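What follows is one structure encoded as structure tokens, with my remarks underneath.
The values are calculated or read from the model by the stated rules, or taken from the named source; none is laboratory data. Values in this document were obtained by computation on a predicted structure and should not be read as measured data. No Cβ is skipped: glycine too gets one built from the backbone with ideal geometry, and neighbour counts run over all protein chains shown. Surface accessibility is based on the protein's heavy atoms, side chains included, excluding ligands, DNA and RNA. Shrake-Rupley method; radii C 1.70, N 1.55, O 1.52, S 1.80 Å.
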Amino acid sequence: MAHHAGTSDSITLTLSPDRAKYLSVASMFVNTNDAFVGETGLSIGSLATGETFVMNMNVWDSGTEANDELAATIPGPAGGGEGFNAARNDDDKVSFHPGVVSKDDGLTTSALSANHRFLNPGARITITRIE
Ligand SMILES: [Ca+2]
Ligand SMILES: [Ca+2]
């Protein structure tokens with residue numbers, strides 16, 4: 001999934017409660033160079049019907065691309081540029097994402113505006129067992 005600021009998506013999964021005890025999710029922040037959210041091992045096996053689990057997610061920098069915020073390197077609608085490139089010019093370490101700067105806050109070459117800025121935790125996941 002790919003998310004835009006301030007919006008939400010909903011998906012329905014059909015799982016066997018006997019076999020699906022844990023859920024892992026990942027999504028890129030498409031209006032960034034290489035930011036993503038990801039959680040693994042979310043325990044869903046004990047959710048009762050109608051019960052909801054909510055978790056705020058930290059945004060990670062995948063360490064593959066320098067956060068230059070150039071349109072040519074941002075795949076989301078703010079840039080329309082390249083998504084993945086095998087050439088790595090970041091530090092090759094996953095770390096907390098420092099957030100984007102944007103052209104509104106002084107990075108004049110940035111394809112991003114203040115609307116694309118975020119703070120950690122930058123996303124929320126809500127899981128509801130519906131039957
Ligand atoms: Ca980066
Ligand atoms: Ca890219």
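Compute, for the chain, the length of the dipole vector about the Cα centre, with Cβ point charges of +1 (Lys, Arg) and -1 (Asp, Glu) only. Units Debye, rounded to 20.
In total the dipole reaches around 380 debye.
Could you state the accessible area per residue of the chain in Å², with a 1.4 Å probe and every protein chain left in place?
Roughly 62 Å² per residue, with all protein chains present.
Output ³J(HN,Hα) for the range 88-99: one whole-Hz value per residue in order, computed from phi by the Karplus curve 6.51 cos²θ - 1.76 cosθ + 1.60 with θ = phi - 60°, and x for Gly and Pro.
Using θ = phi - 60°, the values come out as 10, 10, 10, 9, 6, 10, 6, 8, 4, 6, x, x Hz.
Got the relative contact order for the chain handy, in percent, Cα pairs under 8 Å and 6 or more residues apart?
26
Cα gyration tensor of the chain, axes a ≥ b ≥ c as square roots of the eigenvalues: rounded (a/c below 1.5), prolate (a/b > b/c) or oblate? Each step should come with its number before you reach the end.
Working: a/c = 2.59, a/b = 2.11, b/c = 1.23.
Cα axes put the chain in the prolate bin.
At 0.36 nm per residue, and after removing the present C-alpha to C-alpha distance, how many nm does the segment from ALA26 to GLU82 gain when stretched out fully?
Net length gain for the segment: 18.2 nm.
Using a 1.4 Å probe and counting only protein heavy atoms, arrange ARG117, ARG124 so the residue with the most accessible area comes first.
Largest to smallest exposure gives the sequence ARG124, ARG117.
What is the distance in Å between the Cα centres of the range 1-68 and the range 73-127?
So the separation of the two Cα centres works out to 17 Å.
Would you please name the chymotrypsin sites (Phe, Trp or Tyr not before Pro) within the range 19-102 that are DSSP coil residues with at most 10 other C-beta atoms within 10 Å of their C-beta?
Here the chymotrypsin sites (Phe, Trp or Tyr not before Pro) that fit, given the DSSP loop and packing criteria, are PHE84.
For SER16 paired with VAL54, estimate the spin-label separation in nm (one decimal), with each label point 7 Å from Cα along the Cα-to-Cβ line.
It is 3.3 nm.
For MET57, which sequence-distant residues (separation of 5 or more, or a different chain) have an amide H within less than 5 Å of its own amide H, given hydrogens modelled in the peptide plane?
GLY122, ALA123, ARG124, ILE125
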